[in-house]
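For reference, the structure discussed in these notes is given below.
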Amino acid sequence: MSMIGFGLNSSMVGMTRYAHQAAVAAGQIARAGLEPEAPAEAAAQATPAEAGGGAPPVDLAGSMVSLMLAHRLFTASLRAAQTADRMLGELANLPSRSDVGR
């Protein structure tokens, strides 16, 4: 595989990975605040089985950081893919060896 093809493939893998990471973070952000918060007295009186049920609380700040990081990494992968595409275009426009002396 050529270096340009490798760069294009790596960029596509990165974009797929970071799009998934962004979707996960966005889902966590969307869920934040939707779980009802139990009053402190009820939480203190709950048995371990009752207290352990449901989804874990969402770290909103961590999810926002993850979303921003995924966005920046996706953008970097996209720019790398665009650069590889431009390089392929330039290579396609180069004259062949048989055309050089004409």
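Quick notes
- Per-peptide packing, taken as the mean over residues of other Cβ atoms within 10 Å, places 14-26, 57-69 in the sequence 14-26, 57-69 from highest down.
- Potential lengthening between Ser98 and Ile4 on full extension [0.36 nm per residue; Cα-Cα distance subtracted]: 31.5 nm
Here, each number is a calculation from the coordinates, and none is a lab measurement. Being a predicted model, the structure only gives us computed values, none of them experimental. As a convention, Cβ positions derive from the backbone with ideal geometry for all residues, glycine included, and neighbour counts pool all protein chains shown.
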